[in-house]
Amino acid sequence: MTADTTGTTNAAPAALALDGITVRYGTVTALDDVTLTLARGRVCGLVGTNGSGKSTLFKTVMGIVRPSAGRVTIAGAEPAAARRTASVAYVPQSESVDWDFPIVVREVVMTGRYGHQGTMRRPRPADHDAVADALDRVQMTEFANRQIGQLSGGQRKRVFVARAIAQGAPLLLLDEPFAGVDKSTEFALTAVIRSLADAGHTVLVATHDLAGLDRLCDEAALLQRRLLVHDTPAEVLRPENLARAFGVDPLAGDAATLSKREAW
Ligand SMILES: Nc1ncnc2c1ncn2[C@@H]1O[C@H](COP(=O)(O)OP(=O)(O)O)[C@@H](O)[C@H]1O
Ligand SMILES: [Mg+2]
């Protein structure tokens, strides 16, 4: 198999392809001509300041936001078709969930299995197995019968990642799964993401954790409305690249660059 310039192979379309995507909200251009291709089995970190368009990119892949130009394909399919076949799982930056709703962790994760169930939504043994396995992988088995409202922020993140895992989708979109979680949850989720990639899943993950980028990702994309760099984590983390994304003058000296990096 030979890779062509779009990263696709002769054998199969890319796991995810954005081709010339522009998204506008009224007069605000959130994404400007973004072209990005991910091959199967890769973890790609999506890095950029607040407002750089990361969440918009995820919503565009999900078909929640419609681009004014360009095209998205998920393993060759349009977003709507990929959603219909549960081929893409999405963990939004913040869940619009009624935390007082009386639903336990196991049931939340089971909602990831709806695409596999009939219209009666009666779980089968395979669904229960997938839920148990997903809870185990995020180390939440002991909380399976806990009301969702009684979990910490980090535990909630784990539950929503478990729901995405239970769905069994080849492509996973994780929008800032590490925001507000402690180191142990971050390490647990990093290990889960790596094991998903080892099993052939493709993961696009927005993160502000530059220190953990190399451990988490095979590649990274630096976004600032436009796609600035798509390369190895080490390349993306080069000061001159970060400077382009964060507006730091690389000639202003290391101290300024470093303090900006730390603050971020
Ligand atoms: N629903 C919306 N309506 C108007 N502007 C929006 C909306 N969502 C996002 N934006 C704007 O689009 C830009 C990108 O936002 P977003 O994709 O949320 O960035 P990020 O996730 O990187 O912080 C920002 O300027 C933001 O204010
Ligand atoms: Mg966001």
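Yes/no matrix, rows are residues, columns are (1) under 24 Å from Leu213 (Cα atoms); (2) outside the structural domain of Thr56 (by TED's automatic domain parsing):
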{"residue": "Phe101", "(1), (2)": "no, yes"}
{"residue": "Val108", "(1), (2)": "no, yes"}
{"residue": "Thr141", "(1), (2)": "no, yes"}
{"residue": "Asn145", "(1), (2)": "no, yes"}
{"residue": "Gln150", "(1), (2)": "no, yes"}
{"residue": "Arg163", "(1), (2)": "yes, yes"}
{"residue": "Leu189", "(1), (2)": "yes, no"}
- Query: Within the range 146-154, is even one residue within 19 Å of the chain's Cα centre (by Cα) and under 27 Å from Val47 (Cβ atoms)?
  - Reply: yes
- Note on the structure: When Ala164 is run through (1) away from ligand 2 (no atom under 16 Å from the Cβ); (2) free of Cβ contacts under 8 Å to residues at least 60 places away in the same chain, the failure sits at (2)
- Looking at the range 115-131, which of the residues that are surrounded by fewer than 13 Cβ atoms within 10 Å (Cβ to Cβ) and at pLDDT below 85 is nearest to Arg158 (Cα to Cα)? Arg121
- Note on the structure: Restricting attention to the range 171-198, the residues that are of a type outside the set (A, V, I, L, M) and crowded, with 21+ Cβ neighbours inside 10 Å number exactly 4
- Scope the range 54-71; condition under 12 Å from Leu204 (Cβ atoms) and touching a helix residue (DSSP H, G or I) at 6+ places or on another chain (Cβ under 9 Å); matching residues: Thr60, Val61, Met62
- Query: Does Val47 meet the test of being at pLDDT 95 or above and under 24 Å from Leu216 (Cβ atoms)?
  - Reply: yes
- Message: Six or more apart or on different chains, Cβ atoms under 7 Å: show the pairs whose first residue is in the range 87-106 and within 16 Å of ligand 2 (Cβ to nearest atom) and whose second is polar (S, T, N, Q).
- Response: Gln93/Ser55
- Criterion: open to solvent by less than 70 Å² (accessible area, probe 1.4 Å) and within 16 Å of ligand 2 (Cβ to nearest atom) - qualifying residue of Thr60, Thr111: Thr60
- Query: Does Val34 satisfy the condition of being touching a strand residue (DSSP E or B) at 6+ places or on another chain (Cβ under 6 Å) and either modelled with pLDDT under 95 or within 13 Å of ligand 1 (Cβ to nearest atom) (or both)?
  - Reply: yes
- Would you pick out the residues in the range 73-94 that are touching a helix residue (DSSP H, G or I) at 6+ places or on another chain (Cβ under 7 Å) and within 15 Å of ligand 1 (Cβ to nearest atom)? Tyr90, Val91, Gln93
- Scan the range 5-22 and give yes if some residue there is within 14 Å of ligand 1 (Cβ to nearest atom), at pLDDT 95 or above and farther than 26 Å from Thr190 by Cα, otherwise no. yes
- Go through (1) on the phi > 0 side of the Ramachandran plot; (2) touching a Gly at 6+ places or on another chain (Cβ under 9 Å) one by one and return the number of the condition Gly53 breaks. (2)
- Under 7 Å between Cβ atoms, at least 6 apart or on separate chains: pull out the pairs that start in the range 49-76 with a residue that is assigned by TED's automatic domain parsing to the domain that holds Ala17 and over 27 Å from Ala12 (Cβ atoms) and end on any residue that is near ligand 2 (Cβ under 9 Å from one of its atoms) and open to solvent by 30 Å² or more (accessible area, probe 1.4 Å). Ser55/Gln93
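The values are calculated or read from the model by the stated rules, or taken from the named source; none is laboratory data. This one's a predicted model, so the numbers in the text were calculated from it and none came from an experiment. Quick reminder, even Gly has a Cβ in these numbers, built from the backbone with ideal geometry, and neighbours come from all protein chains shown. These area figures cover heavy atoms from the full protein model, side chains too; ligands, DNA and RNA do not enter into them. Shrake-Rupley method; radii C 1.70, N 1.55, O 1.52, S 1.80 Å.
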